[in-house]
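The values are calculated or read from the model by the stated rules, or taken from the named source; none is laboratory data. Predicted model only: the values in this text are computed from it and were never measured. Backbone-built Cβ (ideal geometry, glycine too); neighbour counts: all protein chains shown.
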Amino acid sequence: MKDNKLSKDIDLLFEIGSLRFVNRNWKQYLGLDVANLAEHHFRVVWIALVLAKYENAKNTDKIVKMALLHDLPESRTGDLNKVQKKYVERFENKSIKDILKNSVLEEELIKLWQEYEKLGSIESKIVKDADRLDIDFEMREQKIRGFKFPEKWDTSREKISLNQHYTKTAKKIWKLLQKSDPHHWHLEAGSI
């Protein structure tokens, strides 16, 4: 093993660690304490695993890797909102290639990134659904804390659920989520 190759992998791991300092774009609009990018990735992985099981997707290794990778370019580009995207061009393909360049994971993860971006496989669709659902989980948590989102946001999220989720399970989760209590898991833990 060459030390310069391992050094690049160490740099990659430091960059991944920096995701905890990248804010999600909706923090700017709402001023809320919302999940950072690393926290977002973590829950997306878990949502994707649940979706995979219900959708009978067999390649969970691929799904986990894709979920960990899906927003990695944002370590360099940031998480742009709709307004920012009108004024800023984000070079995600260049970013992901530069992040992974000369790392031991380069070839495998570039292929997975490209597959995710095309959204042609069941694995990529599951990860995209998980990415979208994480927003809805966080919105539900914020609503229970008393935050009132603009009505347009709720309408927009419903349209996404009906028209942009790829899997039946994601649509079902979204529907159940609207009435779910984020505190149920721990309030009922003692009675199980």
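Could you please tell me which pairs satisfy a Cβ distance under 7 Å, a separation of 6+ or placement on different chains, a first residue in region 30-44 that is farther than 12 Å from residue 71 by Cα and touching a residue at least 40 places away in the same chain (Cβ under 8 Å), and a second residue that is surrounded by fewer than 17 Cβ atoms within 10 Å (Cβ to Cβ) and among the hydroxyl-bearing types (Ser, Thr, Tyr)? If the second residue must be surrounded by fewer than 17 Cβ atoms within 10 Å (Cβ to Cβ) and among the hydroxyl-bearing types (Ser, Thr, Tyr), no pairs are left. Contact map, region 128-152: residues that are over 20 Å from residue 170 (Cα atoms) paired with residues that are among the basic types (Lys, Arg), Cβ distance under 8 Å, separation 6+ or inter-chain. Pairs shown: 149/143.
As for region 182-190, it holds at least one residue that is of a type outside the set (Lys, Arg) and under 20 Å from the mean Cα position of the chain (by Cα).
Give region 173-187 a look and list any residue that's in a helix (DSSP H, G or I) and in contact with a helix residue (DSSP H, G or I) (Cβ under 8 Å, 6 or more places away or on another chain), or say none. Hits for region 173-187 are 173, 174, 175, 177.
Assigned to a helix (DSSP H, G or I), over 16 Å from the mean Cα position of the chain (by Cα) and at pLDDT 85 or above - does that describe any residue in region 82-92? No, region 82-92 contains no residue that is assigned to a helix (DSSP H, G or I), over 16 Å from the mean Cα position of the chain (by Cα) and at pLDDT 85 or above. Among the residues of region 136-153, those identified as more than 19 Å from the chain's Cα centre (by Cα) and part of a helix (DSSP H, G or I) are 143, 144, 151, 152.
Only one of 52, 38, 57 is among the small types (Gly, Ala, Ser), closer than 27 Å to residue 172 by Cα, within 19 Å of the chain's Cα centre (by Cα) and not in a helix (DSSP H, G or I). Can you tell me which? None of the other options fit; the residue is 57.
For first residues located in region 174-185 and exposed (fewer than 13 other Cβ atoms within 10 Å of the Cβ), partners that are among the aliphatic types (A, V, I, L, M) and lie 6+ apart or on another chain with Cβ distances below 9 Å form the pairs 181/144; 181/187; 183/144.
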